[in-house]
Amino acid sequence: MNLIVEIPDDVASRLKEAGGDLSRRALEALALEEYKRARLTKPELRRLLGFETRAELDEFLKAHEVFGSYTPADLERDRRDLRRLEF
């Protein structure tokens with residue numbers, strides 16, 4: 001799907017001056033917001049942004065200060081795994 005966004009010329013000029021590919025920045029902003037609102041999963045976000053690895057996606061999320069929740073169940077699973085690995 002192609003999406004066209006109408007932006008006034010003066011605003012578009014200022015946004016372009018900030019550098020980078022404006023289309024890519026718009027895509028990233030939309031995708032990130034949809035992920036934050038739980039309307040995209042991590043695999044969908046990764047596919048939408050064209051990242052080949054989870055590490056690339058994790059770096060992107062970290063750069064935008066988006067961190068997943070870490071539940072007590074996650075902690076217990078990590079503790080169990082570390083004990084199993086004898087750490």
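Points to keep in mind about this one:
- FRET efficiency for the pair Ser23 and Ser69, taken as 1/(1 + (r/R0)^6) with r the Cβ-Cβ distance and R0 = 25 Å, rounds to 0.20.
- Across the chain, C-alpha contacts under 8 Å between residues 6 or more apart give a mean separation that, scaled by the residue count, equals a relative contact order of 13 percent.
- Bridgeable aspartates and glutamates around Lys36 (alpha carbons under 13 Å apart, same-chain partners fewer than 8 residues away excluded): Glu28, Glu44, Glu65.
- Per-residue ³J(HN,Hα) for region 61-66, Karplus 6.51 cos²θ - 1.76 cosθ + 1.60, θ = phi - 60°, Hz, x for Gly and Pro: 5, 5, 4, 9, 6, 10
- Rounded to the nearest whole Hz, the Karplus-based 3J(HN,Hα) values (6.51 cos²θ - 1.76 cosθ + 1.60, θ = phi - 60°) of region 11-23 follow the sequence 5, 4, 4, 5, 5, 5, 5, 5, x, x, 7, 4, 4, with x at glycine and proline.
- Each residue of region 44-50 is assigned a 3J(HN,Hα), and the resulting list reads 5, 4, 4, 5, 4, 8, x Hz, derived from the Karplus form 6.51 cos²θ - 1.76 cosθ + 1.60 (θ = phi - 60°), x at Gly and Pro.
- Under the shape rule built on the C-alpha gyration tensor, where the axes satisfy a ≥ b ≥ c, region 12-63 is prolate, since a/c reaches at least 1.5 and a/b is greater than b/c.
- Treating r as the C-beta distance of Leu15 and Phe51 and R0 as 30 Å, the FRET efficiency rounds to 0.80.
- Net charge, Glu65 excluded, C-beta distance under 15 Å - Lys, Arg +1, Asp, Glu -1: -2
- Rounded to the nearest 0.05, the FRET efficiency derived from the C-beta distance between Ile7 and Arg37 at R0 = 22 Å is 0.45.
Just so you know, all these numbers are worked out from the coordinates, no wet-lab data involved. Computed from a predicted structure; not experimentally measured. Glycine gets a Cβ as well: all are built from the backbone with ideal geometry, and neighbour counts include every protein chain shown.
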